[in-house]
Amino acid sequence: MDLQNFDIDLFLREYWQKKPLLIRNAFRDWQNPLEPNELAGLACAEEMESRLICQTKSGWEMEQGPLAEERLVSLGKSHWTLLVQAVDHHVPAVADLIAPFRFIPNWRIDDVMVSLAADQGGVGPHFDQYDVFLIQGLGRRHWQIGPHCDADTPLLPHADLRLLSDFQATEEWVLEPGDMLYVPPGFAHNGVAVGSDCMTYSVGFRAPSRADLLGHYVDDVLDGIADDDLYRDPDLKPQANAGEILPEALERLQQMMLDTLSDPAHFARWFGIFNSTSKYPDMDWRPEELITHEELRAAISAQLPLARNPASRLAFIAGGNDALMLFADGVCFDCVGETAALARDLCAKDYVVLDTDLASNPAAVDLLTQLCNLGCIAFDCED
């Protein structure tokens, strides 16, 4: 599925993280990739992250999934929205929606959330801290865009939802199937279904916070610090007032911390592992029967296409001398030469047909075997 009449350079220059953009008929030959009853079925599954948001006379209510089938059947004809997270991890046709956005680095892509709304259903006026492309898949939705918000923007008191207490729309449109709305971080927006069976696909992008990065990285650094790595001052001299903490002591203390946190190689390896770790660690994508080196060589020789698991996060960081670190679902693989080239292909493409020469490369065979057995990639054995 391709974007049509979309100027990537113009978008990145004028709109990305700057201002919203409505794109009519964004997709060539749009076809809705998921039926409403299929999404409802996913919302009932134990492994899925789902929510049901209803607007009642007493206000907004939210229920966390998994949701019982009886609960969904009992819903009325208006004012409710069902949201299911990471549908792309389970439905290949939904995962295909990400492909047109590969001009944004893979490590920034989060997942595809799908919503199903009855007439007048929505989640209320709010703002998010991440970029999102809102693709209208089925039915119609009335979107309103408001001003940019921040941490001081007043919110309604609610235990589960962060809804704006005073939403003033500055622009509004009704989106039809195949239309798309881009909303940058911080912009207020409100979407309301016009009629039944309104489905919207939200392609979201992750943006790690400074606090999240610092907290997790410091934890990682602490694990590697020896117990006897203590403050030292061999050049200590008498001072006029023993109660004063001198500037040179403060500088030495701060430098101790900065030196510990400022190793670029350590940070690069840590971030690759941190960023590629699955959002849903309880999900096990490993195959029931592990593949052997011999079976993998046979698959390469047979030119079987290799597919990347949509739920897996693959990325690499290039090093010197044609080397790189490949990160796959929180595991780091050091690659060089032909194996590094292979890693680049796996990160760039959803499907790869491998060169038969790789079957005689022990390092490449070992890497592919490990990735297959982690569930990151798999050979397509269908005729």
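So which residues in the range 195-236 are on the phi < 0 side of the Ramachandran plot and of a type in the set (Asp, Glu)? Listed by number, the residues that qualify are ASP212, ASP219, ASP220, ASP223, ASP227, ASP228, ASP229, ASP233, ASP235. In the condition set (1) under 17 Å from VAL112 (Cβ atoms); (2) of a type in the set (A, V, I, L, M); (3) not in a helix (DSSP H, G or I), LEU67 is compliant with all but (1).
Quick one: how many residues across the range 328-350 are among the aromatic types (Phe, Trp, Tyr) and touching a residue at least 40 places away in the same chain (Cβ under 8 Å)? Adding up the residues that qualify gives 0.
Free of Cβ contacts under 8 Å to residues at least 12 places away in the same chain, among the charged types (D, E, K, R) and outside any strand (DSSP E or B): does that describe GLU46? Break it down stepwise before answering.
Details: free of Cβ contacts under 8 Å to residues at least 12 places away in the same chain: no; among the charged types (D, E, K, R): yes; outside any strand (DSSP E or B): yes.
Taking the combined requirement at face value, the residue does not satisfy it.
Scanning the range 351-383 for residues that are open to solvent by 30 Å² or more (accessible area, probe 1.4 Å), closer than 21 Å to ALA95 by Cβ and touching a residue at least 60 places away in the same chain (Cβ under 8 Å) returns LEU374, ALA378, PHE379, ASP380, CYS381. Among the residues of the range 210-230, write down those that are of a type outside the set (A, V, I, L, M, F, W, C) and open to solvent by less than 100 Å² (accessible area, probe 1.4 Å). Across the range 210-230, the qualifying residues are ASP212, GLY215, HIS216, TYR217, ASP219, ASP220, GLY224, ASP229. TYR201 falls short on exactly one of the conditions (1) within 27 Å of LEU258 (Cβ to Cβ); (2) touching a residue at least 24 places away in the same chain (Cβ under 8 Å), and that condition is (1).
Just so you know, in the range 1-35 the residues that are aliphatic (A, V, I, L, M), touching a residue at least 60 places away in the same chain (Cβ under 8 Å) and open to solvent by 50 Å² or more (accessible area, probe 1.4 Å) include one that is nearest to VAL114 (Cα to Cα), and it is MET1.
Would you be able to tell me the number of residues in the range 67-83 that are of a type in the set (A, V, I, L, M, F, W, C) and under 10 Å from CYS44 (Cα atoms)?
From the range 67-83, those of a type in the set (A, V, I, L, M, F, W, C) are 67-68, 72-73, 75, 80, 82-83; that's our starting set.
Still in the running and under 10 Å from CYS44 (Cα atoms): 67-68, 72.
Within the range 67-83, residues that are of a type in the set (A, V, I, L, M, F, W, C) and under 10 Å from CYS44 (Cα atoms) number 3.
Against the numbered list (1) in contact with a helix residue (DSSP H, G or I) (Cβ under 7 Å, 6 or more places away or on another chain); (2) surrounded by fewer than 16 Cβ atoms within 10 Å (Cβ to Cβ), ALA40 comes up short only at (2). Consider LEU52 carefully, then state whether it is touching a Lys or Arg at 6+ places or on another chain (Cβ under 9 Å) and open to solvent by less than 50 Å² (accessible area, probe 1.4 Å). So LEU52 fits the description; yes.
When you check ALA348 against the structure, is it within 22 Å of ALA99 (Cβ to Cβ), out of contact with any strand residue (DSSP E or B) (no Cβ under 6 Å at 6 or more places or on another chain), small (Gly, Ala, Ser) and crowded, with 19+ Cβ neighbours inside 10 Å, yes or no? Talk me through it step by step, then tell me what you get.
Working: within 22 Å of ALA99 (Cβ to Cβ): yes; out of contact with any strand residue (DSSP E or B) (no Cβ under 6 Å at 6 or more places or on another chain): yes; small (Gly, Ala, Ser): yes; crowded, with 19+ Cβ neighbours inside 10 Å: no.
No.
Of the strands (runs of 3 or more DSSP E) entirely within the range 231-329, those holding at least 3 residues that are at pLDDT 95 or above, open to solvent by 50 Å² or more (accessible area, probe 1.4 Å) and not basic (Lys, Arg) occupy 314-318.
The values are calculated or read from the model by the stated rules, or taken from the named source; none is laboratory data. Bear in mind the structure is a predicted one, so any value in this text is a computation, not a measurement. Ideal geometry is used to build each Cβ from the backbone, glycine not excepted, and the neighbour counts take in all protein chains shown. Areas reflect the complete protein model, heavy atoms only, side chains present, ligands, DNA and RNA absent. Shrake-Rupley method; radii C 1.70, N 1.55, O 1.52, S 1.80 Å.
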